[in-house]
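Down below is the structure, laid out as structure tokens.
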Amino acid sequence: MTDQNSQPFAGFKFYHYTPYMPGEVIFMIFFGLCVIAHCYQLFQYRTWYFIPFLLGCLYEFIGYIGRAISSTEAPDFTPNPYICQSLLLLLGPTLYAASIYMLLGHIIVLLEAGAYSIIPPKWLAKVFVLGDVVSLCAQVAGGGMLIMAKTQEKVESGENTILGGLGIQILFFGFFMVVTLVFHLRMHKRPTPKSQALNIPWLQLIYVLYAASILIMVRSIFRVAEYAQGQFGKLQSREVYVFVLDGLPMLIVPILLIWFHPSRIVDRDSQLVSIDSVDSVDIIEEGHMLHYRGVKNRHAFNFYPP
């Protein structure tokens, strides 16, 4: 009789549970609605710097389509739906983060508060997006190694590579949260003249960024713990952890940014300034042309050099 430990490695096991179809469909529907809403806002307000965020929502939506397909295949799962959901659900939050980095940079420039940022605004997005790219590459490479694994050693190598990518993501994102907090505290202690002149809810957007950052961090820590335990760990054996610690946080983030869309602060073309914060004398003295944008339910104007 052959001992279980001496049996040849049968290959990487896609799931250690049967994906729950109703759960996958619920997340698929809500992420699909988020994609539609963010796509509408993107084109209405021309916030092109939010394209990565929209793609992150799309990745989550397609990822749950993959999980829904897998739920119909149990126990003979096929590779393609698993690869789709595994890679896209890993990479979606990385794209969320990229737009959040750029958004903080826009706020700092808008408030003329570059001196309050640990990293100069022109480098802020570049530094953090670079970390995102490195993290993304590591996660994709690790996911590919898992799919192609023929030995337990290869499975562990793939998991460790993904762990490395997630670790980089946590490191950079944790530093980003520190940069945001320091900027906020300095602005609270000594507001810039521009922040006092503009009648826009930039502080509310900072709080939204805090909430989104905490949710992304919770999800990233869960993924690190999941891969650290390995394919036979508790976190990979029950789908409820994926729903509660990955799917739900990543769904709340786009809902938050639909409710408080960044276009309320800044759009692609210029700074949005409330009419309450300027008068005709200010306009004449600055020598700018006032161009009404006609944003629905919002009195907002763009300033262009003459």
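Where helices (runs of 4 or more DSSP H) fall entirely within the stretch 94-210, those with at least 3 residues that are aromatic (Phe, Trp, Tyr) and open to solvent by less than 50 Å² (accessible area, probe 1.4 Å) are at 152-189. Residues that are surrounded by 15 or more Cβ atoms within 10 Å (Cβ to Cβ) and in a loop (DSSP other than H, G, I, E, B) within the stretch 211-232 comprise just one, 231.
Considering the conditions (1) more than 16 Å from residue 13 (Cβ to Cβ); (2) surrounded by 24 or more Cβ atoms within 10 Å (Cβ to Cβ); (3) not aliphatic (A, V, I, L, M), residue 67 is excluded by exactly one of them, (1).
For the stretch 172-210, the tally of residues that are touching a residue at least 60 places away in the same chain (Cβ under 8 Å), under 30 Å from residue 221 (Cα atoms) and not hydrophobic (A, V, I, L, M, F, W, C) stands at 2.
Rundown of residues vs (1) farther than 23 Å from residue 101 by Cα; (2) modelled with pLDDT of 95 or more, yes/no style:
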site: 144; (1), (2): yes, no
site: 148; (1), (2): yes, no
site: 153; (1), (2): yes, no
site: 171; (1), (2): no, no
site: 202; (1), (2): no, no
site: 211; (1), (2): no, yes
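Evaluation of residue 156 against the conditions (1) in contact (Cβ under 8 Å) with a residue 60 or more places away in the chain; (2) more than 20 Å from residue 212 (Cβ to Cβ); (3) touching a Ser or Thr at 6+ places or on another chain (Cβ under 8 Å) shows that the sole unmet condition is (3). Selection of first residues in the stretch 228-251 that are under 16 Å from residue 21 (Cα atoms) and of second residues that are of a type outside the set (Gly, Ala, Ser) and surrounded by fewer than 16 Cβ atoms within 10 Å (Cβ to Cβ), restricted to Cβ pairs under 6 Å at least 6 apart or on distinct chains, gives the following pairs, ordered by first then second residue: 239/17.
The values are calculated or read from the model by the stated rules, or taken from the named source; none is laboratory data. Remember, predicted model here, so these are calculated numbers, not experimental data. Glycine also receives a Cβ, built like all others from the backbone with ideal geometry; neighbour counts cover every protein chain displayed. These area figures cover heavy atoms from the full protein model, side chains too; ligands, DNA and RNA do not enter into them. Shrake-Rupley method; radii C 1.70, N 1.55, O 1.52, S 1.80 Å.
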